[in-house]
1. Working from Cα positions, state the angle (0 to 90°, nearest 10) between the long axis of helix 11-22 and the longest principal axis of the chain.
2. Over the Cα atoms of the chain, compute the convex hull volume and normalise it per residue, giving Å³.
3. Within the chain, what whole-number % of the accessible surface is contributed by carbon and sulfur, with the 1.4 Å probe and all protein chains included in the calculation?
4. Which value in nm describes the separation of the simple spin-label points at Met3 and Ser16, placed 7 Å from the Cα toward the beta carbon?
5. Mind checking the per residue accessible area of the chain for me, 1.4 Å probe, whole number of Å²?
6. Which angle from 0 to 90°, rounded to the nearest 10, does the C-alpha axis of helix 30-40 make with the longest principal axis of the chain?
Amino acid sequence: MLMLTAAGVPVAAALSAVFGCRLLTAWLPLFPGLLVLGLHRR
């Protein structure tokens, strides 16, 4: 985020970019496993 703000990107845009990237790379791959576990418990 520091690099984005140093390049002149507003802080809110930098935060949303970092959060979106983290969401896609860390949380999105977990959803298929959670879905399978949820269906398996039934």
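The values are calculated or read from the model by the stated rules, or taken from the named source; none is laboratory data. Values in this document were obtained by computation on a predicted structure and should not be read as measured data. Methodologically, a virtual Cβ is constructed for each residue, glycine included, from the backbone with ideal geometry; neighbour enumeration extends over all protein chains shown. Heavy atoms of the whole protein, side chains included, go into the accessibility calculation; ligands, DNA and RNA do not. Shrake-Rupley method; radii C 1.70, N 1.55, O 1.52, S 1.80 Å.
1. 30
2. 56
3. Taking all protein chains in place, the chain shows 76 percent carbon and sulfur surface.
4. The modelled label-to-label distance comes out at 2.1 nm.
5. Computed with neighbouring chains in place, this is 92 Å² per residue.
6. 20
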